[in-house]
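Single-structure report; data block below.
Every number in this text was worked out from the coordinates using simple rules, so none of it is lab data. Not measured: the values here are computed from a predicted model. Positions of Cβ are generated from backbone atoms using ideal geometry, with glycine treated the same way; all protein chains shown enter the neighbour counts.
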């Protein structure tokens, strides 16, 4: 690409600029300025030789030749909407490649099935998104895959010892973390986790590190810079951003994503063209939306932090020098994001009263959308956890989680104030 001055100097454009056109050739679609929806199951070959060549590359019979474009075969294997989306989404993380899935959970489950096998050990952080925790404890165990968890406050030495205490340190296959954690905003040090994975790696076996980066999205945290192998997103959240699509994504190296795409082909959990098209639309405004949501959240968190009916606010933007996770935040986060949790004075009854009296924020699970959402983690998103687990992690009956949207921040604060005063 050339810059706008038509000089010979090459210019590296920012992702927010490339979201408008990268990977799409209007000349191949009757000059349409936006990528059409390729609502088709199969694609026609020009001749038998072309069909053979496409299948050879798709099925790994041979490597793709220099300058050779991967041809379209069947929408379970590839589709223009998904290919363009994957090219664009990879730009935010400066990743080599991307794979899109039908949901965030399908992305997570595909990663775990690909990089773990019966008899292996999974190391993971806590707390996790409820669906992830359920999959680890109730599904992976059926395949003979065990797990060990660690807390945000655990040191590297403590975590390494926990792995050794299982007696299966030589079978550690994957480290999966969620940072910031849902719903507490606890941070996990990415550099530390890379060092832990490396401590159990051997020349014959690489221990992969996967990070669920949904909470901060591809703008405010860049895990690949810290040695992460696989970055996972629920694309339903900030990437989609309009509460009208379910999708998941993984970004990483060509080798890692190739493995995930191969398994995706046979599990059949790729996203469809409509989903791809909706996410292409959403990527064009991703930065604008996330900047506005973060600015709003900073104002809301500051208000909650001084309210007499609020015991504690869990928000990255309130971390100060001397706080346990302040240095981790400064090192690996580019902004505090738009997710807030807070403990209201009282218990479940007071939390429910607050939630039932909101006028602008909607009482619903999910997060990262243009509208503000509020929910009760202990009885909703994290209800499958035992009381002991919730107590250890600080998920009390008086906790409320807020996903801040793009509304006027003064209106949001008014809404929170009147609900707290009910």
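Can you tell me what percent of all Cα-Cα pairs in the chain are more than 28 Å apart?
Of the Cα pairs, 51 percent sit more than 28 Å apart.
Return one number: the angle in degrees, 0 to 90 and rounded to the nearest 10, between the long axis of the Cα atoms of helix 80-93 and the longest principal axis of the Cα atoms of the chain.
Helix 80-93 sits at roughly 50 degrees to that axis.
So what is the diffusion coefficient of the range 249-340 in µm² per second by Stokes-Einstein at 10 °C and 1.306 mPa s, using a Kirkwood Rh over Cα pairs?
95
Determine the equivalent ellipsoid of the range 287-420 by diagonalising the alpha-carbon gyration tensor, then write out the semi-axes as square roots of 5 times the eigenvalues, largest first, rounded to whole Å. Don't jump to the answer; show the numbers that get you there.
Numbers: eigenvalues 90, 77, 41 Å².
Working through the eigenvalues yields semi-axes of 21, 20, 14 Å.
Arrange 128, 28 by Cβ neighbour counts within 10 Å, fewest through most, would you? Don't skip to the end; give the middle numbers.
Numbers: 128 24, 28 11.
Result, fewest neighbours first: 28, 128.
Applying 1/(1 + (r/R0)^6) with R0 = 30 Å to the Cβ-Cβ distance of residue 155 and residue 242, what FRET efficiency is obtained, to the nearest 0.05? Spell out each step's value before the answer.
Details: r = 41 Å, r/R0 = 1.36.
Efficiency at R0 = 30 Å is approximately 0.15.
Sort 53-64, 146-157 for me by packing, meaning the mean count of neighbouring Cβ atoms within 10 Å per residue, highest on top.
For the peptides 53-64, 146-157, the packing ranking is 146-157, 53-64.
What does the extension gain come out to for residue 349 and residue 42, with contour length at 0.36 nm per residue minus their alpha carbon separation?
Working: separation 307, 0.36 × 307 = 110.52 nm, distance 5.45 nm.
Here the segment from residue 349 to residue 42 would lengthen by 105.1 nm.
How far apart, in nanometres, would the label points at residue 13 and residue 366 be if each is projected 7 angstrom from Cα along the Cα-to-Cβ direction?
Here the modelled spin labels are 3.0 nm apart.
Measuring from the lowest to the highest alpha carbon on each principal axis, how far does the range 23-110 reach, largest first, in angstroms?
37, 34, 27
Tell me the angle of helix 286-304 to the major Cα principal axis of the chain, expressed in degrees between 0 and 90 and rounded to the nearest ten.
Helix 286-304 sits roughly 10 degrees off the main axis of the chain.
In deg cm²/dmol, rounded to 500, what helix-only [θ] at 222 nm does the chain give when every DSSP H run of at least 4 residues adds -39500 (n - 2.57) and the total is split over its residues?
Values: 15 runs with 149 residues, N = 422.
One gets -10500 deg cm²/dmol as the mean residue ellipticity at 222 nm.
Based on the Kirkwood radius over alpha-carbon pairs, what value in µm²/s does the Stokes-Einstein equation return for the translational diffusion coefficient of the range 84-283 at 25 °C and 0.890 mPa s?
Here the translational diffusion coefficient equals 146 µm²/s.
Any idea what angle helix 48-58 forms with the longest principal axis of the chain, computed on alpha-carbon atoms, 0 to 90 degrees, nearest 10?
30
Treat the count of other C-beta atoms within 10 Å as a stand-in for reagent exposure and order 294, 306 from fewest to most. Please report the intermediate quantities before stating the final value.
Details: 294 22, 306 8.
Listing 294, 306 from fewest to most nearby Cβ atoms yields 306, 294.
On a full-extension model of 0.36 nm per residue, what is the gain between residue 202 and residue 387, subtracting their alpha-carbon distance, rounded to one decimal in nm? If you can, show how the numbers build up before the last one.
Working: separation 185, 0.36 × 185 = 66.60 nm, distance 3.87 nm.
Stretched fully, the residue 202-residue 387 segment lengthens by 62.7 nm.
If the chain between residue 410 and residue 137 were fully stretched, how many nm would it gain, using 0.36 nm times the residue separation less the Cα-Cα distance?
Numbers: separation 273, 0.36 × 273 = 98.28 nm, distance 4.25 nm.
Here the answer is 94.0 nm.
So if we plug the beta-carbon distance of residue 165 and residue 267 into 1/(1 + (r/R0)^6) with R0 = 30 Å, what FRET efficiency do we get, rounded to 0.05?
Details: r = 33 Å, r/R0 = 1.11.
Taking R0 as 30 Å, the efficiency between residue 165 and residue 267 is 0.35.
Kindly list the residues of the range 396-422 that lie in the label zone of residue 302, defined by a backbone N under 20 Å from the point 7 Å along the Cα-to-C-beta vector.
Residues passing the 20 Å test: 402-418.
Using a/c under 1.5 as the rounded threshold, could you call the range 118-192 rounded, prolate or oblate? The axes a ≥ b ≥ c are square roots of the C-alpha gyration tensor eigenvalues, and prolate needs a/b larger than b/c, oblate otherwise.
Values: a/c = 2.43, a/b = 1.18, b/c = 2.06.
Taking the square roots of the gyration eigenvalues as a ≥ b ≥ c, the range 118-192 is oblate.
Could you check the spin-label model distance between residue 284 and residue 64? Points 7 Å from the Cα along Cα→Cβ, value in nm.
Going from the residue 284 label point to the residue 64 one covers 2.6 nm.
Would you list 250, 422, 333, 35 from fewest to most Cβ contacts within 10 Å?
Least to most surrounded, the residues fall as 422, 333, 35, 250.
Can you give me the distance in nm between label points at residue 295 and residue 311, each placed 7 Å from the Cα along the Cα-to-Cβ direction?
Placing both labels 7 Å beyond Cα along the Cβ direction yields 3.5 nm.
Say we join alpha carbon atoms closer than 10 Å with springs in a Gaussian network model of the chain; which of 142, 309, 52 then has the biggest fluctuation?
52
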